[in-house]
Structure formats: C-alpha cells, structure tokens
Amino acid sequence: MSPHAFQVVVDSNTPHELADWWAETLGWIVEPSDEEFIRSMIAQGYATEDETTRHNGVLVWRTGAAVQHPDDPRTGTRRRVLFQWVPEAKTVKNRVHLDVWVGQENVAAAVEALVARGATRLHEGKQGPHSWITLTDPEGNEFCVS
C-alpha cells in the first residue's frame with residue numbers, strides 16, 4: 001500500500017475569517033474561489049444562492065475555506081487545512097492541534113505577533129531540551145509555537 005495524502009479539517013464558526021488568519025500565521029495562501037464553478041453549480045441545481053456568500057468581494061461557498069502551502073500543489077504533496085463551518089462553538093480541548101515551527105530564536109517574536117493579531121497565550125511547555133508555547137487562535141483552537 002502506498003502512503004496516503006490527507007488534509008487537516010478545523011471546525012469553525014467563521015471559516016473564511018479563520019482561513020485568512022491562519023494563512024497569515026503560516027505564510028500560506030487562502031485557496032482562491034472558483035466563482036464560475038460556483039455559479040455553474042447553482043445554475044445546474046446542485047447548489048443554491050443560500051449556500052454562498054461574499055468574502056473580500058469574492059463569491060465563495062458559505063460553509064468552508066481552505067489554506068494551502070504556497071508551493072504549487074502540482075509539484076509535490078498537497079499541504080492543506082480546511083476550515084469547515086459548524087453551528088456550535090468550541091467547548092473542550094482539541095484532540096488534535098497544529099505545531100508551528102518557527103525556530104527557537106524566533107518563538108518570542110512570533111508569539112508576540114500572534115497575540116497582537118488575536119491569539120491567546122495559554123502556557124509554556126518543556127520536555128528535555130525542547131520547549132514550546134501553547135496558544136489559541138481567535139476561535140479558541142489550541143496550537144503550539146516552537
């Protein structure tokens with residue numbers, strides 16, 4: 001069996017805003033919307049106008065937005081995080097989280113910049129020579145910076 005590709009999916013109340021936040025955090029890009037495809041799905045009866053919205057002036061699917069690594073996905077493994085709308089707010093600790101590796105010499109500055117953009121600092125961790133800082137994104141999803 002060959003290895004499988006996968007994406008990480010994050011439940012969200014505001015998927016487009018959270019995708020924007022994470023794209024800036026990771027230095028990735030928000031996947032562009034295919035407005036022509038969306039309009040064709042509506043015209044063919046596969047979707048309705050109610051399933052769409054406008055974000056930053058662009059027609060998008062209401063219930064999801066994704067970010068991807070800026071490398072062309074056709075040249076290697078596709079790295080993608082999908083933010084999917086759910087009606088309920090986050091209520092408990094994540095069972096899966098992202099670790100953002102910035103290099104130990106850059107952790108303090110990265111954390112300061114993230115907090116200025118809406119992250120919340122939770123605590124510091126250390127195991128042997130490795131250390132990290134745990135934060136939450138604007139919707140309360142935990143992630144670590146190391």
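The values are calculated or read from the model by the stated rules, or taken from the named source; none is laboratory data. Just so it is clear, the model here is predicted, and its values are computed rather than measured. Every residue, glycine among them, receives a Cβ derived from its backbone with ideal geometry; neighbour counts consider all protein chains shown. All accessible areas refer to the heavy atoms of the entire protein, side chains included, with ligands and DNA or RNA removed. Shrake-Rupley method; radii C 1.70, N 1.55, O 1.52, S 1.80 Å.
At a glance:
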read-out	value
Under the Karplus curve 6.51 cos²θ - 1.76 cosθ + 1.60, θ = phi - 60°, whole-Hz ³J(HN,Hα) for the stretch 132-146, x wherever Gly or Pro sits	7, 10, 9, 10, 10, 7, x, 9, x, 7, 5, 7, 10, 10, 8
Under 5 Å, built H, 5+ apart or other chain: amide partners of residue 83	10, 65, 66, 67
Listed values (i) -0.41, -1.15; (ii) -0.35, -1.11; (iii) -0.27, -1.30, entry calculated as log10 I(q)/I(0) by the Debye sum over Cα atoms at q = 0.08, 0.20 Å⁻¹	(iii)
Å² per residue, accessible surface of the chain at 1.4 Å	66 Å²
222 nm mean residue ellipticity, helices alone, for the chain (DSSP H n ≥ 4; -39,500 (n - 2.57); rounded to 500)	-6500 deg cm²/dmol
Alpha-carbon centroids, the stretch 96-125 and the stretch 1-25: separation in whole Å	18 Å
Note, ³J(HN,Hα) from phi for the stretch 86-103, Karplus 6.51, -1.76, 1.60, rounded to Hz, x at Gly and Pro	9, x, 8, 7, 5, 10, 9, 4, 4, 8, 9, 8, 8, 10, 9, 8, 10, x
Inter-probe distance in nm under a simple model that places probes 7 Å from Cα toward Cβ, at residue 104 and residue 124	1.3 nm
Within the accessible area of the chain (1.4 Å probe), percent carbon and sulfur	54 percent
Candidates 56, 106, 13: whichever shows maximal mean-square fluctuation once the chain is modelled as a Gaussian network with Cα springs under 10 Å	56
Share, in percent, of DSSP beta bridges within the chain that are antiparallel, nearest 5	75 percent
Extreme residue, positive dipole direction of the stretch 22-146, given options 87, 111, 125 (C-beta unit charges)	125
Order by protection proxy (mean Cβ within 10 Å, highest first), peptides 89-99, 130-140	130-140, 89-99
